[in-house]
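Here's the structure, in structure tokens; my notes come after.
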Amino acid sequence: MRCAIVVLAVAAACGGGDDGGGVVLVDAPPSPVTWDFGPGAAIVNAADFALTTGTGLVLRGQGTPTITGSGFTTGTNEGTLEVEWTENANTMRLYFYFARAGGRWNVSQLQHWDGSPTPAWVFYTGPLFDTPDGQPFTGDVDLMPDAGNNSLHFRGLTLTAFGRELPPP
């Protein structure tokens, strides 16, 4: 049985449905995050963030992040936003892969470490957050990976990409 984490309620329950999924409800205060690569090249801003590992560990993006990336140079249609942080002795990495074509942009893939002592990557295949060029994606998002019991949750998400192309090095 697969369980997803929805951070908003007080009770806890886990049940299966026809899709093999369930919901675990957890009470937690909001955990806002802002991750900005470049000024304006790619920005993640959320009123609440939670990353749940396959072992049930819930990470909230707390700690001082290291934010790096690549691409977003003038004339390119791809870029990455790479976030690394340590929370409760767990070093985590979360990577956003951006692409654009035909007047639109999206996240072609998200990936993060699984929270285990010997980290493995967890993948979320896109396109995700499909949005017209020049506009941010906004909304609440709950993502399940291609495989495994991990999940990502954003409340009040504003995601901007290609907002300002960086000049070539």
Segment 41-123 - Rg and Dmax from Cα coordinates, angstrom: 14.0, 43
Karplus 3J(HN,Hα) series, Hz, for segment 38-46 with 6.51 cos²θ - 1.76 cosθ + 1.60 (x for Gly, Pro): x, x, x, 5, 8, 9, 10, 9, 9
Overall Cα dimensions of segment 55-98 - principal axes, largest extent first, Å: 40, 20, 12
From the C-alpha gyration tensor of segment 113-164, square roots of 5λ in Å: 26, 12, 11
Protein accessible area in segment 48-169, 1.4 Å probe - carbon and sulfur %: 52 percent
Average accessible surface area per residue within segment 45-98, 1.4 Å rolling probe, Å²: 42 Å²
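The values are calculated or read from the model by the stated rules, or taken from the named source; none is laboratory data. In this text, all values refer to a predicted model and were calculated from it rather than measured experimentally. Please note that ligands, DNA and RNA were not included when accessible areas were found on the heavy atoms of the full protein model with its side chains. Shrake-Rupley method; radii C 1.70, N 1.55, O 1.52, S 1.80 Å.
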